[in-house]
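This report concerns only the one structure given below.
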Amino acid sequence: MIFYGRQRRILVAPSAMADGPSLDFISSLPDEILHHILSFLPTNLAIQTCVLSKRWRHIWRNTPSISLECNEFCAHKVHKTLKYHKARKLLSFRLDFHFDSDLIDFPGGTVTHHRYFAADAWIKFALSRHPENLSLDFCLSNYKKYMFPDKFYATSSIKRLHLALNNCTTLIPRSKVFWPSLKHLCLDRCNIPDESAAKILSGCPVLESLTLTLCSVLVRLDLAKSIHLKRLEIDLKYSGPKEIVAPHVQYLRLKTYSRPCSLVDISSVTEAKLDIYYVEFAKMDYFLYMMDLKIVAKLQNTEKLTLGAIFLQALTLAEFRGVPFPMLKITSLTLETKIFRYIVPGIARLLQNSHGLKKLTLHLMKCEAIEEMYLHSYSDSRGLEFGIFPTSREPKLIALFIEFLLGNTKTLETLVVRLENNLDATKFEELLQMAQTISHNYNDVSILVKQNTYPKDFVHESRIQNLGKTSVAFVISQILRKKRLYLVLLRSTSLLGGTLICKVEQVLFLD
């Protein structure tokens, strides 16, 4: 059976609709499967399925996942939802808690409590259901400090924890931290002193990945005792650690701003991704690219390296300043950038100092970069001269850039070009022919050109409106592309020439 919607066809097993649109195929599925399906929806949408039929009336109550958004005007609804939810074990619990008022009506608008009382109650509810994944996003006005209950720091079920605190509270455990199952920890905009970080890390004996995004107060991040920690991701735009000790980390993603960061020990890193936030012209100075080269020098044993556009621009300025560039042992290099002349010298030096490079990926994409007019003024003021760079249009410009890359490497075996902005069929075919010619001219280096094929007409989030028993059918379809499971909501079914035609109303990504 073929369903048409938004110029995309979705195949569904013929048996699912063998008896026509009146057959409620999905309602005949076991409760466990229905719970699994609803676990991918926000809880307020899952609740709305109760109007479909008696079969659906209580299904949502045992869904092993809760996902709620709350402000001071709907706190009583959250309380009511949790009151009627019956699952004894949760796979995930997510709460977005954004309050401007200190006092809220909770529950039912009959009793007034402080917002921290509500937060405590909901967190304790979540912990009582032993969730494996816990996500809390707090945004409290007036920056009044909220202290997590002691029980929050002592739970054995959590394997993945995400805290986004918008710098409205400081993580200060008042008791010993006990997260024996925690493997993935993400802290977003959290105030976390060095002492608290040390206490939290000591209570996570099996921690495998750590993500810090704009975390203030923290000065020194010491991961020497976290022997299982293999993945570290840090965003240092305005705040974050100034020193990082991570001798066991194997994957490092670091995005900095115009502030220094010292990598004391990252000796085990085999894969790294580095970039810089947009930097104003006034802050583009000597320390910026010196800092970048110090970071690169610490990665001399890294095998896989990914660099962003502004990082490449900083390397270019370092090259024209005559700053010594370290030798690298990378075998795979990815450049996430657009094509413009102020990255050329930096890339050239990078390739020339990577004698063991086997694979190069050029990911042409929209990205932040320092405007060329500023860099031109910067280079002129310091007497730097950039060579003339061609201004040809695509695909000729891409072909010229490919030749530039190959001309600066001697050991390369594979070059992958990923185009985020798709060329039309004619230009793409022209680029493929150019790439084939270039490949023969450079010792038959394998050149692979890829277009961005992600479906742009699918939506990642949707809202179910006006659910009714007869107007909505649910169809579950396994789609091989990207190994994703889609939940497709269908409306306006009709028969046309013996073929069932359904308008695809919404498409939800379920993974």
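Descriptive notes on the structure:
- Applying the criteria of a DSSP loop state and at most 16 other Cβ atoms within 10 Å to the GluC sites (Glu not before Pro) of region 391-447 yields 413, 420.
- When the listed pairs 273/294; 273/329; 183/255; 225/329 are checked against a 19 Å cut-off, the alpha-carbon distance exceeds it for 183/255; 225/329.
- Amide hydrogen neighbours beyond the local backbone of residue 139, cut-off 5 Å, H modeled: 97, 98, 99
- On full extension, the segment bounded by residue 206 and residue 147 gains 18.7 nm, given 0.36 nm per residue less the C-alpha separation.
- For residue 224, distant residues with modelled amide H under 5 Å away: none
- Gain on full extension, evaluated as 0.36 nm per residue between residue 124 and residue 338 minus their Cα-Cα distance, stands at 72.2 nm.
- Report note on the peptides 166-172, 187-193: ranked by the mean count of other C-beta atoms within 10 Å, highest first, their order is 187-193, 166-172.
- Subset of 54/89; 338/358; 86/199; 396/450 violating a 28 Å alpha-carbon distance limit: 86/199
All of the numbers you see were taken from the coordinates with simple rules; none came from a lab. Computed from a prediction, not measured in an experiment: that's the story for all the values here. No Cβ is skipped: glycine too gets one built from the backbone with ideal geometry, and neighbour counts run over all protein chains shown.
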